[in-house]
Structure formats: structure tokens, C-alpha cells
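One structure is given below, encoded as C-alpha cells.
The values are calculated or read from the model by the stated rules, or taken from the named source; none is laboratory data. Everything numeric in this text was worked out from a predicted model, so none of it was measured. Counting neighbours? That spans all protein chains shown, and the Cβs are built from the backbone with ideal geometry, glycine included.
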Amino acid sequence: MRKIAVLNQKGGVGKTTTVANVAAALAIKGQRVIAVDLDPQSHLTIHLGVDPDSFENGAYEVLTKSASIADSLVNIRENLWVLGANIDLVGAESELVSEVGRETILHEAVESISDDYDYLIIDCPPSLGLLSLNALAAVDEVIIPLQPHFLALQGLGQLLQTVTLVSKRINPSLKISAILFCMFDSRVTLSSEVKADIQNFIDNSRGTDCPWADADLIPIHVRRNVKLAEAPSYGKTIFEYEPNCHGSEDYEAIAGFLHDPASFEKNEETVEIEELLKEPAEEIMDDAVIETITEEDITESLTELVVETAEETQREIVTEKNTQPTETSEQPKYQIKEITPAETISQQTTEAKERSR
Ligand code: ATP
Ligand code: MG
């Protein structure tokens, strides 16, 4: 069984949408798939059409060991099972605080059923607490969904550090297998720029022993599509709600890529994006001494990347906003007041660096 956690402690980046629709696409392909909801908000459970008050056992009962995982899975579609979440899960973190081995409870549960299914995909809450740690201990792969805006990289250092720590102390097989861009808007230059930055970062880690050294930047990006936002309130996957839309095309292709990257056929758009990425990636590859790069260098280069990107983007956004005709009824894409000042980010990353020393 392939075990995957979809994780980003940042809220609203597309974790739940990705788990629901990738799980459904794989099940349609004939794979036996378990979708695990580890978020007390129960969004995945609801998205898949299950009332959080309707099931007897779910993620909470498994984590508190009051039910086995086999007895807690609900079969919701052909080849698709859900381990549901409800509000009880809020209490799990505090209830388990004094439990020895509390980070590996889900891992042990999952091991007991690993021969019976092909995929287990976990929707993590937007935090790096005990629930996410249980997810990281239970899986071999992490997929990080990112929304390609200028603050996309903020918090990524902390996420990578957490994965590194878990891979060193609890789960040596843990790898970041992929980064996925969600809510991608190719008309915004920024999307491509953030994407190029991430690609450079991954390229610089190739050949090192850090958990993201073999990560793929998934060559299909999930385009912004209102149907994806509407489907959850009907308890439907995108394939049931609107099979002919960008959302279903993108998630079907992403599931195909994850299942068998070799069979993935590039379309015009992915070729175009690859071309776009080539230039900066090569520049950095020439300058970098890849063999001697250390984990500290990577963390440092990431924090620099965060600051640079934020500063650059801030300049770009200010210019973009200043050139907007004031009379137009169209809303600017970005609001100045939402921008976290680069100095704040700089200060945060310096503090993070100091803490990690
Ligand atoms: P949280 O951190 O709160 O769990 P999340 O990372 O799971 O959030 P989602 O719930 O998947 O994020 O997505 C956030 C919102 O954006 C939801 O309302 C969802 O329907 C919508 N959404 C997700 N992907 C897209 C997309 N590609 N186009 C348009 N809307 C989207
Ligand atoms: Mg979610």
C-alpha cells in the first residue's frame, strides 16, 4: 500500500480538495483507496458525502485505541473508503498528551491493514501538532500543496524542518515526494515565478540526503475552478459534480501522474512551463556546489529565498497596484494591507535560524 500525507500547515491551500479528488480518481482507476480525515474540521468527511455525526468509529476512536482501523473504515464508493473525522478529534491531542508512543498510534493501525488496500491518503489539519505528526509517522510520502502567491514559501522552512525531524527520529522512510500547485492562475506572472523558485530549491537539494531530494514538482497544476469550490457542499467529488471541467481534468491527470509518472504525457501547457523554468534553474545549478551542500545550507538558502521572494513580490505588487487606473471598478488582484512586510518575514526567519542553532 502506498501511504501519502497531504500536508501544509498553512490553511486553505487545497489539501482537502486534493485528497478528496485524487482519492476518487485513483478509485475510479480501480485502485483500492482509503481517504483519512485527520482534521477536526471534518471537511474531507463532508466533501465525500459523509455526515460527521453519522459514523460510530472514526479517526478519533482509532487514535484513542477504542476501535480498530478495520472496524472504522466506511465504504463510500466503489474502491473508496473513508476514515472519518468529527469534532471529537479536537480532544485527541490533549487526551494523548501523556501517552507513550503517541506519535505512532496511526502508524501501528495502518500497518495492520496495509496488505488489503493500494493507497492510503491522509488529509492533515492546518497545523504541525500531534495529528500531523501521526500522519507523518504513518506514511512514506508527503505531498505539499502550495498556492503560488507571494507568501507561499512562508512557513515552508518550518514544514521542511518538521519532516526532516520526523524522518530522523521516528520514520526513516519518510520523503517529500511531490509539491503541487493548487489554485494556479497562469495569467499572474507571480505564479510562474514562485514555481521557478521552488524548482530551483528542489534542484539544489538533488543528491543530498534531505527528505525532499527526490521530490517532483508535479507538472500538472490545479487551475482555479469554481466547480471545485462548489462540489464539497453537495458531498460530491469533482467527477460526480462536474466531470467536464478544468478541475476534473487536472485532478484526473494528477492522479495519473502520481500513480504512474512514466505514463504521464506532457501537454502544451506543461511544456511551456518547463521552458519557463529552464533558465533560472540552469543559472543556479552552474553556481552551486551541489556535492558539498549541507542541511544547514539548505535551510539557509530557503530562508533567504523566502525573504527575497517576499521583497521582490512586494515591489512588484506595489508597482502593479500603482499602475491600476483609480476609476476602474475592477478590484486589484492584491491588497496592500494584506502584505506581511518583508522586514517581519526577515525577522521571523532570523529568529527561526537562531532557534534551529
Ligand atoms: P484547511 O487548511 O482549512 O484544511 P485546505 O488546505 O484543506 O484548507 P481546501 O479546503 O481544499 O484547502 O481549499 C480551500 C478553499 O478553496 C475551499 O473552499 C475549496 O473549495 C477552494 N478550492 C480549492 N481548490 C480550488 C481551486 N483549484 N479552484 C477554486 N477553488 C478551490
Ligand atoms: Mg482541509
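For the reader, a short list of remarks on this structure follows.
- The residues listed here are D214, D185; of these, the one that is touching a Lys or Arg at 6+ places or on another chain (Cβ under 9 Å), at negative phi and modelled with pLDDT under 90 is D185.
To keep it simple, each residue is scored yes or no on (1) within 16 Å of ligand 2 (Cβ to nearest atom); (2) aromatic (F, W, Y); (3) surrounded by fewer than 21 Cβ atoms within 10 Å (Cβ to Cβ).
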| site | (1), (2), (3) |
| --- | --- |
| G84 | yes, no, no |
| I113 | no, no, yes |
| S132 | yes, no, no |
| A137 | no, no, no |
| I143 | yes, no, no |
| L153 | no, no, no |
| I170 | no, no, yes |
| C182 | yes, no, no |
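- Which numbered condition G155 misses (of (1) more than 14 Å from the chain's Cα centre (by Cα); (2) at pLDDT below 85; (3) not aliphatic (A, V, I, L, M)): (1)
- The residues of region 103-133 that are away from ligand 1 (no atom under 16 Å from the Cβ) and either among the aromatic types (F, W, Y) or touching an Asp or Glu at 6+ places or on another chain (Cβ under 9 Å) (or both), listed by number, are I105, Y117, Y119, L130, L133.
- Positions within region 161-202 being within 18 Å of the chain's Cα centre (by Cα), β-branched (V, I, T) and in a helix (DSSP H, G or I), in sequence order: T162, V163, T164, V166, V194, I198, I202
- Residue within region 140-158 that is assigned to a helix (DSSP H, G or I), touching a residue at least 12 places away in the same chain (Cβ under 8 Å) and of a type in the set (A, V, I, L, M, F, W, C) present: yes
- Residues that are in a loop (DSSP other than H, G, I, E, B), within 13 Å of ligand 1 (Cβ to nearest atom) and charged (D, E, K, R), drawn from region 18-41: D39
- Among the candidates A85, A25, A70, residue that is in contact with a strand residue (DSSP E or B) (Cβ under 8 Å, 6 or more places away or on another chain) and in contact (Cβ under 8 Å) with a residue 24 or more places away in the chain: A85
- Filtering region 14-24 to residues that are surrounded by 24 or more Cβ atoms within 10 Å (Cβ to Cβ) and either more than 10 Å from the chain's Cα centre (by Cα) or farther than 17 Å from L80 by Cα (or both) leaves K15, T17, A20, N21, V22, A23, A24.
- The condition (being crowded, with 19+ Cβ neighbours inside 10 Å and among the hydrophobic types (A, V, I, L, M, F, W, C)) is satisfied by just one residue among A109, A70: A109.
- Restricting region 241-263 to residues that are farther than 19 Å from K15 by Cα and charged (D, E, K, R), the residue that is farthest from ligand 1 (Cβ to nearest atom): D260
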